[in-house]
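A short write-up of the structure that comes next.
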Amino acid sequence: MLEEYLPFLGLLIFGNIENLILSSQAVVKKTNVLTISIVSIVIVILWFFLGTVLTEEAMRYSNIIDFIGGLAIFILGIQSVVEAVKSIKSKKE
């Protein structure tokens, strides 16, 4: 059963990193923790449902999905670092 999810293993790992990046962005922007928590839980449940229902269909496009997901995670990571550096610099001034 787990063999069918192996093409998405990288995306699963980096998806968790993406959640950490988004959380750090929320902290930097001083977002309400409760709001971010609720939205995050809803999104995780939605992705779980979509992943469960559409895994068979997604297998044909796993390479494309991995690439797009990895690119999005990379861009979000850069954006998060840039925002954090701006925030740190503004606090020092």
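The values are calculated or read from the model by the stated rules, or taken from the named source; none is laboratory data. These figures come from a predicted structure and were not determined experimentally. Using ideal geometry, Cβ is built from the backbone for each residue, glycine included, and neighbour counts are taken over all protein chains shown. Note: accessible area is taken over every heavy atom of the protein model, side chains too, but ligands, DNA and RNA are not part of it. Shrake-Rupley method; radii C 1.70, N 1.55, O 1.52, S 1.80 Å.
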Requested in this report: Measure nothing fancy, just the Cα-based angle from helix 62-92's long axis to the longest principal axis of the chain, in degrees from 0 to 90, nearest 10.
Outcome: 10 degrees
Query raised in the report: trypsin sites (Lys or Arg not before Pro), restricted to the chain: which are DSSP loop and have at most 12 other Cβ atoms within 10 Å?
Result: Lys29, Lys30
Requested in this report: Could you tell me how many degrees, from 0 to 90 and to the nearest 10, lie between the Cα long axis of helix 33-58 and the main elongation axis, the longest principal axis, of the Cα atoms of the chain?
Outcome: 20 degrees
Report summary line: To the nearest 0.05, the calculated FRET efficiency linking Ser24 and Phe49 through their beta-carbon distance, R0 being 22 Å, is 0.25
Query raised in the report: If one takes the longest principal axis of the Cα atoms in the chain, at what angle in degrees, from 0 to 90 and to the nearest 10, does the Cα axis of helix 9-28 lie?
Result: 20 degrees
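Assuming R0 = 22 Å, what is the FRET efficiency of Leu34 and Leu76, from their Cβ-Cβ distance, to the nearest 0.05? Before the final figure, lay out each step's value.
Values: r = 22 Å, r/R0 = 1.01.
Efficiency, from the Cβ-Cβ distance: 0.50.
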Query raised in the report: Expressed as a whole percentage, what fraction of the accessible surface of segment 3-93 belongs to carbon and sulfur atoms when a 1.4 Å probe is rolled over the protein heavy atoms?
Result: 73 percent
Query raised in the report: Counting alpha carbon pairs within less than 8 Å and at least 6 residues apart, what relative contact order, in whole percent, applies to the chain?
Result: 56 percent
**Report entry** Cα gyration tensor shape of segment 24-93, rounded if a/c is under 1.5, else prolate or oblate by comparing a/b with b/c
**Finding:** oblate
